[in-house]
Amino acid sequence: MKGQATAPEVAGTFLPNVRSIRAGIGGWAQLIVVQYFVAEAAVIEAWAGPEPYSRATGFISDLGAVSCGVYEDRDVCSPLHLLMNVSFVVQGLALVLGALFLTAGLLCVAARPGVPARRFHTNSVRVLAKPWILAVAIRILTGVAGVGTIIVGLVPEDYGSPWHLAGALMFFIGGGFALLLFGFLWVKQTPVSWFLAACGVVCVGALVVGGVTAMDVPQPGLLERFMAYPVTVGLAAAGLVIAQRVHRERRFRALQAR
């Protein structure tokens, strides 16, 4: 059978390789972040503090605390802290892998086969086209979020290191703004763009509230989860969009080759 016709390239554009194994790995890698919810549920179930753990009042990092005792006026005891911290590291590695493997050109078109992406403007003072700028920024921010959550897993809160807070902020800020840019970049590529933008708004909004109040609110755990959960869910959704489209294109080409 003949191959699928693709849109002709025009000056200043190119067709991203939607069928590449690299693209598939990057998309599915970002989906791995959802393992966090399974790990969190298991760690909460094993909680051994004097009071049952509450997602509304307990900080996420309490689940990864290595020692049992009072930490910042909170009774903390998480026997499965190792599982929680490993989950943080796996989540971070998955995001870093997605940032490395999902090229800017692929992100510009949301892995839609046959859709040209704009090239770098090498002959102009404007070095980059706007979609490309957004795609590069998304990759950087996703990588920052990934490195941040790796730090959170490697440096638990009760180590007393400022790197733990720095890592958490990297995850919230990098992930939240990556989702906002995803929503803007993909608005004409997929309806999922509105969901990604909404996740970004919730995360950044909660982050602002947390910064203004210094997390001194009746339910700090809930506020922190409004920062963290949208990042995990949103970036996984973005990975799913790309992974499905790459898989569909690879399967279509394989059938045509028979």
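Within the stretch 24-47, count every residue that is of a type in the set (A, V, I, L, M), open to solvent by 50 Å² or more (accessible area, probe 1.4 Å) and at pLDDT below 95.
3
Just give me the residues in the stretch 71-98 being in a loop (DSSP other than H, G, I, E, B) and open to solvent by less than 30 Å² (accessible area, probe 1.4 Å), in sequence order.
77, 78
Of all residues in the stretch 147-184, how many are open to solvent by 70 Å² or more (accessible area, probe 1.4 Å) and more than 15 Å from the chain's Cα centre (by Cα)?
6
Modelled with pLDDT under 95, over 30 Å from residue 16 (Cα atoms) and in contact with an Asp or Glu (Cβ under 6 Å, 6 or more places away or on another chain): is that true of residue 113 in this structure?
Criteria not met by residue 113.
Check 248, 225 and return the single one that is assigned to a helix (DSSP H, G or I), at pLDDT 95 or above and not small (Gly, Ala, Ser).
Residue meeting the stated conditions: 225.
The rows are residues; the columns are (1) closer than 22 Å to residue 228 by Cα; (2) modelled with pLDDT under 70; (3) under 13 Å from the mean Cα position of the chain (by Cα).
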residue	(1), (2), (3)
87	yes, no, no
94	yes, no, yes
98	yes, no, yes
105	no, no, no
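Is it fair to say residue 187 is crowded, with 21+ Cβ neighbours inside 10 Å, over 11 Å from the mean Cα position of the chain (by Cα), more than 21 Å from residue 57 (Cβ to Cβ) and of a type outside the set (Asp, Glu)?
For residue 187, the condition - crowded, with 21+ Cβ neighbours inside 10 Å, over 11 Å from the mean Cα position of the chain (by Cα), more than 21 Å from residue 57 (Cβ to Cβ) and of a type outside the set (Asp, Glu) - is not met.
Taking the stated definitions as given, is residue 201 open to solvent by 60 Å² or more (accessible area, probe 1.4 Å) and within 16 Å of the chain's Cα centre (by Cα)?
yes
Out of the residues in the stretch 48-70 that are over 20 Å from residue 149 (Cβ atoms) and in contact with an Asp or Glu (Cβ under 7 Å, 6 or more places away or on another chain), state the one that is least open to solvent (accessible area, probe 1.4 Å).
The extreme case among them is 49.
The values are calculated or read from the model by the stated rules, or taken from the named source; none is laboratory data. Predicted model only: the values in this text are computed from it and were never measured. Neighbour counts are summed over all protein chains in view; Cβ atoms, including those assigned to glycine, are modelled from backbone coordinates with ideal geometry. Surface accessibility is based on the protein's heavy atoms, side chains included, excluding ligands, DNA and RNA. Shrake-Rupley method; radii C 1.70, N 1.55, O 1.52, S 1.80 Å.
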